[in-house]
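Notes follow the structure.
The values are calculated or read from the model by the stated rules, or taken from the named source; none is laboratory data. Bear in mind that the values here come from a model prediction, so they are computed numbers and not experimental data. Backbone-built Cβ (ideal geometry, glycine too); neighbour counts: all protein chains shown.
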Amino acid sequence: MEELEQVRAEIDRIDASLAALFEARMAAAAKIAAWKQANGRPIRDPAREAQVLAQGAERVAEPAMRPYYAAFQKELMALSRAYQASLGVCAGTLLPERGSLRRAAELLPKGCRVFVVTDSGVPAAYAETVAAQCDCAGVYVVPQGEASKSPETLTALLEAMLRAGLTRSDCLAAVGGGMVCDLAGLAAGLYMRGVGSYYFPTTLLAMVDAAVGGKTAVNLAGVKNAVGLFRQPKAVVIDPDTLATLPPRQLANGLAEAVKMALTHDAALFARFEDPAGYGPIEEIIAACLRIKAAVVAADEREAGLRRVLNFGHTLGHGIEAAAGGSLLHGEAVALGMLPMCAPDVRARLIPVLERLDLPTYVNFDLDAEQVLEAICHDKKSVAGGVETVTVPAVGQFAFRTAGWNELKSLLSAIIRQQGTGGADCHGQCAHWPRNDTP
């Protein structure tokens, strides 16, 4: 027994040394993070990581221990990336700064042409501001709306890039919301086997979510984001000044994603949304969401595990969005999708927040549950017998579990009301959410 305690005491001393070394390593990682942020460089450096792993194998004398040390190093590098991301570095993402759109030239590469992609709903001045600061190969405008996230629009964009004579040394600049970033990012990944892309999000939804993280996609045969790539942009430039032209409904659309991140990761951020006096400066909300998403993406860039948490509210939300036939915005559908996936006490706190933000808490139209389930069935999260879901047992916490089809159908009933049960038409859409009322 005495010998055992001596060995345990030795392990405690070693652990204390490891803790000190861990702090020193993370301090060095923070310095690297600052350099990456200043130079617009992504967090992940595969060549450097391979070098570190190779060196580590040489440092362990006992051959049987080398695989374990390699696994330890991989986990340590993942933690290092997550820590760097928490400091505000995510694939060159800049924290929100007013007026940054007018300084695009400081970030866009020199000596190459820039093909600017935007949509008809974005004020033309935004794309023109970016184009005027570079050797522009053209400004390409796609029709506003989710319908433009299609293979046909993607093909037309690629053909326009080809006609413009873009080479592999040129790049794309996406100026607009999430649809534009998704479409342009995918085109950049496909054209000439890949050209650089830069995002200038002009909607709150894109600033806090769609433009950050490296997901690109178009819809196919009615299935949302069915065709796409994981491909990080060279940089994301966030200028909150562009939100001045955003309609109130679109602002609420983006706030739904901010609430999603608060519910799963940050109880203090959620409390800001509960404050009757308001949630405060929008820059602070954007920055808080960026820190959350950057940390998640750095730890799991290709959604092999942790990144699935960002799908909270989206499992049912995507199905509701598809079944609503375009009458609901993405954030509105996500707001509805979050409610059934929360514990009852969390839901009780969430409902007044959504009402205050002018987001729906139930649907009061003929929503076909079977149609919703059919859309969910085609979702990337679908597994045999059900769907991988994210739940919130307490504000600031999350859990993963698989829900069966019958359970999902039952959950839908919590947010569906029959016609004639009251409620005022909001935004002229089919979603209703009266003030001072709960499901």
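Tabulated values for the structure
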read-out	value
Flag for E303 being outside any helix (DSSP H, G or I) and farther than 27 Å from I415 by Cα	yes
Residue tally, condition in a loop (DSSP other than H, G, I, E, B), more than 15 Å from T118 (Cβ to Cβ) and within 22 Å of the chain's Cα centre (by Cα), over region 128-176	1
Residue under evaluation E355, criteria (1) of a type in the set (D, E, K, R); (2) part of a helix (DSSP H, G or I); (3) within 18 Å of the chain's Cα centre (by Cα), criterion not met	(3)
Residue match in region 15-28 (condition: hydroxyl-bearing (S, T, Y), at pLDDT 85 or above and buried (at least 16 other Cβ atoms within 10 Å of the Cβ))	no
Identity of the residue in region 158-212, buried (at least 24 other Cβ atoms within 10 Å of the Cβ) and charged (D, E, K, R), that ends up farthest from P233 (Cα to Cα)	D209
Counted residues, region 242-267 - those being over 19 Å from P360 (Cα atoms), touching a residue at least 60 places away in the same chain (Cβ under 8 Å) and in a helix (DSSP H, G or I)	5
Among (1) modelled with pLDDT under 95; (2) at negative phi, the one test that G99 misses	(2)
Check on A288, in contact (Cβ under 8 Å) with a residue 40 or more places away in the chain and either assigned to a helix (DSSP H, G or I) or within 20 Å of L154 (Cα to Cα) (or both)	no
Where E283 falls short, out of the listed (1) assigned by TED's automatic domain parsing to the domain that holds V387; (2) surrounded by 18 or more Cβ atoms within 10 Å (Cβ to Cβ); (3) closer than 27 Å to A124 by Cβ	(2)
Every pair of residues 6+ apart whose Cβ atoms lie under 9 Å, when the first sits in region 302-315 and is more than 15 Å from V212 (Cβ to Cβ) and assigned by TED's automatic domain parsing to the domain that holds G331 while the second is β-branched (V, I, T) and part of a helix (DSSP H, G or I)	L306/V296; F312/T264; F312/V334; G313/V259; G313/V334; H314/V334; T315/I376
Filter result for M261 (over 24 Å from W405 (Cα atoms) and crowded, with 18+ Cβ neighbours inside 10 Å)	yes
First in region 176-200 and on the phi > 0 side of the Ramachandran plot, second anywhere and surrounded by fewer than 24 Cβ atoms within 10 Å (Cβ to Cβ) and not β-branched (V, I, T), Cβ under 6 Å, 6 or more apart	G176/D119; M192/R168
Meets criteria (without any contact (Cβ under 8 Å) to a residue 60 or more places away in the chain, in a loop (DSSP other than H, G, I, E, B), buried (at least 16 other Cβ atoms within 10 Å of the Cβ) and out of contact with any Lys or Arg (no Cβ under 8 Å at 6 or more places or on another chain)) for G121	yes
K234 being basic (K, R) and modelled with pLDDT of 95 or more	no
Lone unmet requirement of (1) modelled with pLDDT under 85; (2) part of a helix (DSSP H, G or I) for P42	(2)
Residue in region 275-285 that is among the aromatic types (F, W, Y) and over 13 Å from the mean Cα position of the chain (by Cα) present	yes
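Listed here are the residues, each with its yes/no results for (1) at pLDDT below 80; (2) crowded, with 17+ Cβ neighbours inside 10 Å.
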| residue | (1), (2) |
| --- | --- |
| H314 | no, yes |
| A324 | no, yes |
| S327 | no, no |
| E332 | no, yes |
| G337 | no, yes |
| V346 | no, yes |
| P360 | no, yes |
| V363 | no, yes |
| A375 | yes, yes |
